[in-house]
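To start, the structure itself, in structure tokens.
No value in this document is a laboratory result; all are computed from the given coordinates. Predicted model only: the values in this text are computed from it and were never measured. In this analysis, Cβ positions are derived from the backbone assuming ideal geometry, glycine residues included, and neighbour counts consider all displayed protein chains.
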Amino acid sequence: MDLGTVIKNNRKQKGQTQEEFARACGITQTYLSQIEGNKKEPNLSTLKVISDELEIPLPVLFFMSIDSEDVPVEKKEQFENIGPKVKALISDFFGV
């Protein structure tokens, strides 16, 4: 799961610096940097604030961060077939 990169890419797409986005989320820039670098896992309430600021529903944020390594072996083929299509649809819909 690469939640940090998904957050970082969407923050940048909104044209916000780490400092601006962190302030809007009520967290420090250092903490946001650690989240975006996948060095810290934020709690659910912080993730909710982040998803609200990004204007992306939390479940969508989670789904966009899933990669094939997160999927059980017996479901990898299915995920690899439909995952990119679903992610593209979500990306188009939410502009992420």
R0 of 25 Å, Cβ-Cβ distance Glu77-Glu41: FRET efficiency to nearest 0.05
0.30
So what are the ³J(HN,Hα) numbers for the stretch 36-51, from phi and the Karplus equation (6.51, -1.76, 1.60; θ = phi - 60°), rounded to whole Hz, Gly and Pro as x?
5, x, 6, 9, 10, 9, x, 6, 4, 5, 5, 4, 5, 4, 4, 5
